[in-house]
Amino acid sequence: MEKTLAELAEWVEGRVSGNAQQMISDAAPFENAGHKAITLARSAKYLNRIESSHAGAVIVPEEFEKPGVNLLHTSNPYAAFARILALFYPAEQLPLGVHPSVVVGAHTEFGTDAAIGPMTVIGNHVRIGNRATIYPGVVIGNHVTIGDDVRLYPNVTVLERCRLGHRVTIHAGSVIGSDGFGFAPDADGYHKIPHTGIVQIDDDVEIGAANTIDRGTFGKTHIKDGVKTDNLVHIAHNVTVGENTVLVAQVGISGSTTIGRHVVLAGQVGVAGHIQIGDHVMVGGQSGIASDVPAGQILSGSVAMPHKTWLRVQRTIPHLPELRKRVSALEKQMRRLEDGDN
C-alpha cells in the first residue's frame, strides 16, 4: 500500500508542509525510517534532531515548523501516528464465514461478513454481529450477545449471558464471565455463593491478554465505553469501570467497587472492595487503595507491615506536615540555646 502525504494528512485531519505528493508506504521508528516511511517526532528530543532523519515525512506538533523537511502537522502527533500505523499494518483478517470445524449450538445467529475461525465452540441462542472476527479456539456460552466489528483472539472465553458491545477487542486467553470469588464460611468450611449476574462490556473497549472479568453475584459487572486494559488484569464481581479508564498490567479490583471516568491505575495497583474512585484519578504503580478516592486525586504508595502498626501509621500520616514544622521549630530553638551557651 502506498499513500501520498496529502492523503495521510486527510486521514488524520492534519496539514502538510513540504512535498504533499511524497509517496509513503510504511510507518517506522524515528531512527529506522527510510525515504518512503513516515515517522513520529512528538517531543523536543526528536524535534531537535529532525534534520538527521531519513524519513520521507515526519509527524510533528501543529505549531512546529522546519523548512526543507516534509512534515505532517497535527494537534495530537501520537494519536495520528497510531492511526497511520494501523492503516499500514491492519489486523489479520480471517476468511469470511464459519469454519467447518466450528461447533454451533441451536438458534445462533451470525451477522454479515462475520469470520469464525477453526475449533471454536458457540452455544445456543447466541447473536454475533456484523463483521465480527473470532479466532481459533474461542468458547462462547449460551445466550451471549456480541456486537458489530468485535474481535476475539484465540482461546478467549465469553461465558453464558454476557454482552459485548460494538468494536470490542479481547486478546488471547481472557475470560469474560467467570464466577466471582464468593464463599460463605461456617464451621464445616466454605459454601460457594452462586453468581447469577453477567458481564456487560460496552462499545470501543479493548481487553488485554489473560484478563479475568467476573460476572456479578447479582446484576452485572460493567465495563463502560472506551475502557482499555493491559494484560493480566483482574476485575471482580459487580465492579463498574467508567468510560475511557485505563488499567495497566496486573491491576486487581475487588468486588462491588466503582471506578470513575478517565481514571488511570498503573501497574500492580490493588483496589479494595466496596469503595468508589472518582473521575480523573491517577494512581501510581504498586499502590494500594483501601478507601474512597475523590475525583481528580493523584495517589501513590503502599507498604506492608503488621496491621496494628499500619493502623497507627495511617492515623499519623495526615499530621506529618504539621509535625515536620514543629520539629523544624524545635531544631531552631535548640540551635539558639546552643549558640547562647557558647
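The values are calculated or read from the model by the stated rules, or taken from the named source; none is laboratory data. Keep in mind that this is a model prediction, so the values were computed, not measured. When we count neighbours, we look across all protein chains shown, and the Cβ atoms used for this are built from the backbone with ideal geometry, even at glycine. Each accessible area value is taken on the protein alone, full model and side chains, heavy atoms only, with ligands, DNA and RNA left out. Shrake-Rupley method; radii C 1.70, N 1.55, O 1.52, S 1.80 Å.
Conditions (1) touching a helix residue (DSSP H, G or I) at 6+ places or on another chain (Cβ under 9 Å); (2) modelled with pLDDT of 95 or more, marked per residue:
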site	(1), (2)
Asp279	no, yes
Val303	yes, no
His307	no, no
Arg312	no, no
Arg315	no, no
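Scan the strands (runs of 3 or more DSSP E) fully inside segment 173-224 and keep the ones with 2 or more residues being without any contact (Cβ under 8 Å) to a residue 12 or more places away in the chain and surrounded by fewer than 14 Cβ atoms within 10 Å (Cβ to Cβ).
Working: elements: 175-178, 183-186, 189-192, 198-201, 212-214, 220-223.
Result: 183-186, 189-192.
Going by the conditions given, is Leu320 among the aliphatic types (A, V, I, L, M), out of contact with any Phe, Trp or Tyr (no Cβ under 9 Å at 6 or more places or on another chain), open to solvent by 80 Å² or more (accessible area, probe 1.4 Å) and more than 26 Å from Asp204 (Cα to Cα)? Outline the logic, then answer.
Numbers: among the aliphatic types (A, V, I, L, M): yes; out of contact with any Phe, Trp or Tyr (no Cβ under 9 Å at 6 or more places or on another chain): yes; open to solvent by 80 Å² or more (accessible area, probe 1.4 Å): yes; more than 26 Å from Asp204 (Cα to Cα): yes.
Against the criterion (among the aliphatic types (A, V, I, L, M), out of contact with any Phe, Trp or Tyr (no Cβ under 9 Å at 6 or more places or on another chain), open to solvent by 80 Å² or more (accessible area, probe 1.4 Å) and more than 26 Å from Asp204 (Cα to Cα)), Leu320 qualifies.
Within segment 157-172, work out how many residues are assigned to a loop (DSSP other than H, G, I, E, B), within 23 Å of Asp113 (Cβ to Cβ) and of a type in the set (A, V, I, L, M).
Selection size over segment 157-172: 2.
Being in a loop (DSSP other than H, G, I, E, B) and without any contact (Cβ under 8 Å) to a residue 12 or more places away in the chain is the filter; apply it to segment 288-312 and report the residue that is least open to solvent (accessible area, probe 1.4 Å). It would help to see each step written out before you state the result.
Looking only at segment 288-312, we keep the residues that are in a loop (DSSP other than H, G, I, E, B), and these are 290-292, 294-297, 300-306.
Now restrict to residues that are without any contact (Cβ under 8 Å) to a residue 12 or more places away in the chain: 303-306.
On the way: Val303: 99, Ala304: 102, Met305: 70, Pro306: 90 Å².
Ranking the candidates gives Met305 first.
Which of the numbered conditions does Leu232 fail, given that it passes all the others? Conditions: (1) among the aliphatic types (A, V, I, L, M); (2) part of a strand (DSSP E or B); (3) open to solvent by 30 Å² or more (accessible area, probe 1.4 Å).
Among (1) among the aliphatic types (A, V, I, L, M); (2) part of a strand (DSSP E or B); (3) open to solvent by 30 Å² or more (accessible area, probe 1.4 Å), the lone unmet condition for Leu232 is (2).
Is one or more of the residues making up segment 88-106 open to solvent by 40 Å² or more (accessible area, probe 1.4 Å), of a type in the set (A, V, I, L, M) and in contact with an Asp or Glu (Cβ under 9 Å, 6 or more places away or on another chain)?
Looking for residues that are open to solvent by 40 Å² or more (accessible area, probe 1.4 Å), of a type in the set (A, V, I, L, M) and in contact with an Asp or Glu (Cβ under 9 Å, 6 or more places away or on another chain), one finds at least one in segment 88-106, hence yes.
Would you mind stating whether Pro154 is at pLDDT 95 or above, on the phi < 0 side of the Ramachandran plot, in a loop (DSSP other than H, G, I, E, B) and within 23 Å of the chain's Cα centre (by Cα)?
Numbers: at pLDDT 95 or above: yes; on the phi < 0 side of the Ramachandran plot: yes; in a loop (DSSP other than H, G, I, E, B): yes; within 23 Å of the chain's Cα centre (by Cα): yes.
Answer is yes for this residue.
Quick check on my filter: what residues within segment 115-160 are among the charged types (D, E, K, R), in contact (Cβ under 8 Å) with a residue 24 or more places away in the chain and surrounded by fewer than 20 Cβ atoms within 10 Å (Cβ to Cβ)? Full working, then the answer.
Just the residues of segment 115-160 that are among the charged types (D, E, K, R), to begin with: 127, 131, 148-149, 151, 160.
Next cut, in contact (Cβ under 8 Å) with a residue 24 or more places away in the chain only: 148, 151, 160.
Passing the criteria: Asp148, Glu160.
Mind checking which residues of segment 237-272 are within 19 Å of Ser302 (Cβ to Cβ) and open to solvent by 10 Å² or more (accessible area, probe 1.4 Å)?
Within segment 237-272, the subset within 19 Å of Ser302 (Cβ to Cβ) is 247-254, 257, 259, 263-272.
Correct list: Val248, Ala249, Gln250, Gly252, Ser254, Val264, Ala266, Gly267, Gln268, Gly270, Ala272.
For the condition in contact (Cβ under 8 Å) with a residue 60 or more places away in the chain and either closer than 15 Å to Gly242 by Cα or not hydrophobic (A, V, I, L, M, F, W, C) (or both), what is the one hit in Gly260, Gly255, Gly273? Talk me through it step by step, then tell me what you get.
Working: Gly260 fails: in contact (Cβ under 8 Å) with a residue 60 or more places away in the chain; Gly273 fails: in contact (Cβ under 8 Å) with a residue 60 or more places away in the chain.
Selected residue: Gly255, the only one of Gly260, Gly255, Gly273 that is in contact (Cβ under 8 Å) with a residue 60 or more places away in the chain and either closer than 15 Å to Gly242 by Cα or not hydrophobic (A, V, I, L, M, F, W, C) (or both).
For segment 51-63, how many residues meet the condition of being at pLDDT below 95 and open to solvent by less than 30 Å² (accessible area, probe 1.4 Å)?
Total satisfying the criteria: 1.
Would you check which residues across segment 73-123 are under 27 Å from Ser25 (Cβ atoms) and of a type in the set (Phe, Trp, Tyr) and list them?
Result: Tyr78, Phe81, Phe88, Tyr89.
Can you name the strands (runs of 3 or more DSSP E) wholly within segment 5-75 that have at least 1 residues being among the basic types (Lys, Arg) and touching a helix residue (DSSP H, G or I) at 6+ places or on another chain (Cβ under 9 Å)? Break it down into steps so the answer makes sense when it comes.
Numbers: elements: 15-17, 37-40, 57-61, 71-74.
Output list reads 15-17.
Are any residues in segment 80-114 without any contact (Cβ under 8 Å) to a residue 12 or more places away in the chain and not in a loop (DSSP other than H, G, I, E, B), and if so, which ones?
Across segment 80-114, the qualifying residues are Ala82, Ala86.
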